[in-house]
Amino acid sequence: MTDIRARLQQVFREVFDDPELEFRDDLDANSVEGWDSLGHIHLIVATERAFGIRLTTSEIARLKQNGETAGTLVRLIERRASAGAAKG
Amino acid sequence: MSRPEPRNGQDRFRRWAAVGVFALFPWCVGALNRALSPPEETTEGAEKVNLLAWRGPVDTVLAGDSRVMTIRETAFASYGWRFFNMGLSGMSPEDVVLQFAYARSRHPVRRLILGLSFENMTERFPYEFSRYRKAARFRHPAVLGVAGWPQGRNALKLRLEDLYDWFPVGRAASTVLYLQAKSAGQAPPATSWLPDGSIRYEQIEEQIREGQYDFAKYRKPEIFFNRPDFEARYLETGSLSPDARKLFLRLVDQIRNDGTTAVMFETATTADFDRRIEGNPALARLRREWRAFFRAQSRGCVRFLEAGEMRAAYADADFIDAVHYIGKTSERVGAALARELHELEATCR
Amino acid sequence: MSLLHPAMFLLLSAALILLSLERVGRWRGQVLLSLSLAFLALEYEFDMASLGALAAMVGVHYLTVRCMLRTASPSARGWLFWLWFAPCLGVFAVLKHYQWLTGDRVARIVSPELVTVGLSFLLFRQIHIAVSAMHGSVSALPFVEYLTYNLAFWTFLAGPIQRFDDFREQFGRLAGSASVTSRTVIGSLNRALLGMLKMFVLGRLLQRASGLEPFLADPGYGSLARLLAAYPLYLYVNFSGYCDVMIGLARAVGFKLPENFSSPLLARNPVDYWNRFHITLSEFFRDYVYYPLQLAFERRGFRAAALPAAALSSFALMGAWHGNRAGFVVFGLVHGMGVAAAFGWRSILRARLGKDGLRRYMDSLGIRIAATACFQLFWVLSFLPYQFDGEQLGRIFATVRTL
């Protein structure tokens, strides 16, 4: 599991209070108990703190749409990471 | 992009059959509604227009709002005149002008009595739009030209409204209720108009006879100033409506050009209602201005009568609310107006 | 012009036929746009002033977004957004007669009687594109797509509020002549026809049954129940019927619109309700008001206040969007409080029952029925300020006291 995914697993376990949660890219609001509107905000705040990033309104909204999964979050963080590395 | 799968004949037929059913469905419903359902909103305007057609040649017309609706033909017939009461509820100035214009376009009208209510001119157009624009014959181009109703684009809108009347899809709900009422054996509602166009308030008269009519409740002036913001509403511009002024000036010009004899009269109210207006300095000032405007039109064969000049005809006891009257008052008002008209016609030419 | 008008039916039928023709092929997008412009002309009754105002709204927005797309600097894009949004909101408030916001004098000076049908929903689509452009989520804005997104007849009047990404995907499919099976066409048109019956028969019957006069004329528990329930049911049936017509029609030609309703009468609490009723609207306010507000509080460590503050603010705003009377804001606040209370109750249950206990509680049929019944009562009562002004409410309460 990549570093991003490992850290996200920790975030998910803390936010959704499930120490046995196994992070997968296809996790979504239907498969994770507690991932409702409130849970989504707590997830965003915890992710921002864990990775030192700040997500935009559009990105947060996109993550909650039907069909979007934890993998979307991973790709978002990867993009931010590579954009940060490109800036030097 | 890959080419789509070719559709087989059966699939194609089913698709287009479904499209055809969808496209035809509203027209079938509309036709069914038209065939089964009575008109959902027969306006007073449409009813009056039909009555006028049945009346035959009319030479004396009374136009105005609901405050003139109880005036009957009796006094006018005594001078050999053929009278019709065109009063309708809630008339705006443009409606009043159109009433007369329509009557003139259809009948050899030589005399006009115009009932005028002060409150109808104190804001832009009291009802913001006439509620009678849909009355079929009021849309005659010559008639539209009189009141300055815009043509062109509005004419197109009116044609589109005609189409709606032909295919009233939206009346499906009223069709359901109509079928329900018919199957339960209910009779359609009766009309209250008399052949001369005046009205009998039969239910109210019955209540009065049985001592059940609550005069105190219905005569309260507040009913006619029934919005909490009435002063803001009536004093919105703080002046008489300039459009209504123009309209009446144009009407009076036309009356003079046509050689019609006209009596315009201020509709009367109960003493309480009158005090309500006098008690408000702005309304009182506007009413004085309004009276002065119409007095200025009084010359030649046009005469304006203020409410005070016909005071003797009104009895407070005949008022069923602050502005509407029945019984002997209606007869006396009709007689007074007929007399004024007769004298004016004899002296003005 | 009403949707009931034969000219509208002609247009919807023409749209269905033209967009179903194989020959139209890759021109479907342009055909959809042309039909939408014709629809607008009819809807606005050829009023040039109103159509001009609409064109100005769209034109100004398009230019603003194009400028944003050419600007690399996030702060410059932010400035452009606010330079557009603030005046736009002011114009909207004037056109929609929010006199408590704009004042009487402005309303009198700048208050032509323009047709404003569909502008509330147009504003949402414009905000969505502008925010996305501000955040760099939109890279290209082809004019035909942009115009069709804003003016498409099947979403113009009252939604559903579709996101631009989703629209572009569907628009591409439409223009790409993707085939629609007969089964889909039949199912979709069946839905549209049922939607018409809902709107034009059931909805109208419910509308006739609603209103104050029948209750005041004949006060009783039966007429009280009708007073409370008829209007909310009418709103639901009428609006969901409209959505069925538009979603069904679009689906029949291969264009998928988002769903707006999901059995809202089965909702067990306000949170559940707003995930089932006018879904695209609640998602819009969630994404553009609720989330930003809640995040703002949470990021600054005010976790306890975050949810109530965000819920009350976003629902009050949503209420105000419905109309210019105070009653609409009260309606919004009531639902905001309901949402906050529902989340709070869930937290209490979670703390008391644990995760498994909470799951059993949520799965219990008896509790679900009771919760749904309680919510139905909350729902009909919440529509009282929506439907009636202060004076009418006073008369209702006075009459209820006599029962």
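Do we find that C:Y242 is under 28 Å from C:T402 (Cβ atoms) and not assigned by TED's automatic domain parsing to the domain that holds C:Y149 in this structure? I'd like the intermediate steps shown before the answer.
Values: under 28 Å from C:T402 (Cβ atoms): no; not assigned by TED's automatic domain parsing to the domain that holds C:Y149: yes.
It is false that C:Y242 is under 28 Å from C:T402 (Cβ atoms) and not assigned by TED's automatic domain parsing to the domain that holds C:Y149.
In the list C:A72, C:A76, C:A86, which residue meets the criterion of being closer than 26 Å to A:T56 by Cα and not in a helix (DSSP H, G or I)?
Details: C:A76 fails: not in a helix (DSSP H, G or I); C:A86 fails: not in a helix (DSSP H, G or I).
Answer to the selection: C:A72.
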Would you call C:R208 under 30 Å from A:A46 (Cβ atoms), surrounded by fewer than 20 Cβ atoms within 10 Å (Cβ to Cβ) and without any contact (Cβ under 8 Å) to a residue 60 or more places away in the chain? no
Condition first: closer than 23 Å to C:R346 by Cβ, touching a residue at least 12 places away in the same chain (Cβ under 8 Å) and either polar (S, T, N, Q) or assigned to a loop (DSSP other than H, G, I, E, B) (or both). Now tell me which residues in segment C:296-332 satisfy that. C:S313, C:S314
State yes or no: is C:A158 away from every other protein chain (no Cβ under 13 Å) and surrounded by fewer than 20 Cβ atoms within 10 Å (Cβ to Cβ)? yes
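Here's the yes/no breakdown for (1) touching a helix residue (DSSP H, G or I) at 6+ places or on another chain (Cβ under 7 Å); (2) more than 30 Å from B:R209 (Cα to Cα); (3) basic (K, R):
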site	(1), (2), (3)
B:R276	yes, no, yes
B:P281	no, yes, no
B:R295	no, yes, yes
B:C301	yes, yes, no
B:E306	yes, yes, no
B:Y325	yes, no, no
B:R332	yes, no, yes
B:A338	yes, no, no
B:H342	no, yes, no
Matching residues, segment A:39-61, being surrounded by 20 or more Cβ atoms within 10 Å (Cβ to Cβ) and over 12 Å from the mean Cα position of the chain (by Cα): A:S58, A:A61
In the set A:I77, A:I53, A:I44, the lone residue that is in contact (Cβ under 8 Å) with a residue 12 or more places away in the chain and either among the charged types (D, E, K, R) or not in a helix (DSSP H, G or I) (or both) is A:I53
Flag for A:A86 being more than 25 Å from C:D166 (Cβ to Cβ), modelled with pLDDT of 85 or more and part of a helix (DSSP H, G or I): no
Among what's in segment C:1-44 and is assigned to a loop (DSSP other than H, G, I, E, B) and within 24 Å of the chain's Cα centre (by Cα), pick the residue that is surrounded by the fewest Cβ atoms within 10 Å (Cβ to Cβ). C:S2
Among the residues in segment C:164-183, are any surrounded by fewer than 22 Cβ atoms within 10 Å (Cβ to Cβ), among the hydroxyl-bearing types (S, T, Y), at the interface with another protein chain (Cβ under 8 Å from one of its Cβ atoms) and touching a residue at least 40 places away in the same chain (Cβ under 8 Å)? yes
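So that you can scan it fast, the table gives a plain yes or no per residue for (1) in the same structural domain as C:R163 (by TED's automatic domain parsing); (2) modelled with pLDDT under 95; (3) surrounded by 21 or more Cβ atoms within 10 Å (Cβ to Cβ):
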site	(1), (2), (3)
C:V253	no, yes, yes
C:Y291	no, yes, yes
C:A296	no, yes, no
C:G301	no, yes, no
C:A304	no, yes, no
C:L317	no, yes, no
C:A326	no, yes, no
C:F331	no, no, yes
Just to be sure before I move on: is C:A53 among the aliphatic types (A, V, I, L, M), more than 12 Å from chain B (Cβ to nearest Cβ) and at negative phi in the structure I sent? yes
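Restrict the check to segment C:30-45 and report whether at least one residue is touching a helix residue (DSSP H, G or I) at 6+ places or on another chain (Cβ under 8 Å), farther than 30 Å from C:L193 by Cβ and touching a residue at least 24 places away in the same chain (Cβ under 8 Å).
Here is the first cut: in segment C:30-45, the residues touching a helix residue (DSSP H, G or I) at 6+ places or on another chain (Cβ under 8 Å) are C:30-33, C:35-45.
In the following step, the residues that additionally are farther than 30 Å from C:L193 by Cβ were identified as none.
There is no residue in segment C:30-45 that is touching a helix residue (DSSP H, G or I) at 6+ places or on another chain (Cβ under 8 Å), farther than 30 Å from C:L193 by Cβ and touching a residue at least 24 places away in the same chain (Cβ under 8 Å).
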Looking at (1) over 18 Å from C:D287 (Cα atoms); (2) away from every other protein chain (no Cβ under 11 Å), find the lone condition where A:E33 falls short. (2)
Please go through segment C:191-216 and pick out each residue that is farther than 26 Å from C:F397 by Cα and out of contact with any Phe, Trp or Tyr (no Cβ under 9 Å at 6 or more places or on another chain). C:R191, C:L194, C:L197, C:F200, C:V201
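From the list B:V333, B:V263, B:V323, which one is assigned to a loop (DSSP other than H, G, I, E, B), crowded, with 19+ Cβ neighbours inside 10 Å and aliphatic (A, V, I, L, M)? Spell out the reasoning first.
On the way: B:V333 fails: assigned to a loop (DSSP other than H, G, I, E, B); B:V263 fails: assigned to a loop (DSSP other than H, G, I, E, B).
Just a single option satisfies the conditions, and that option is B:V323.
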Can you pull out every residue in segment C:131-162 that is of a type in the set (G, A, S) and within 15 Å of the chain's Cα centre (by Cα)? C:A158, C:G159
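The values are calculated or read from the model by the stated rules, or taken from the named source; none is laboratory data. Everything numeric in this text was worked out from a predicted model, so none of it was measured. Neighbour counts are summed over all protein chains in view; Cβ atoms, including those assigned to glycine, are modelled from backbone coordinates with ideal geometry.
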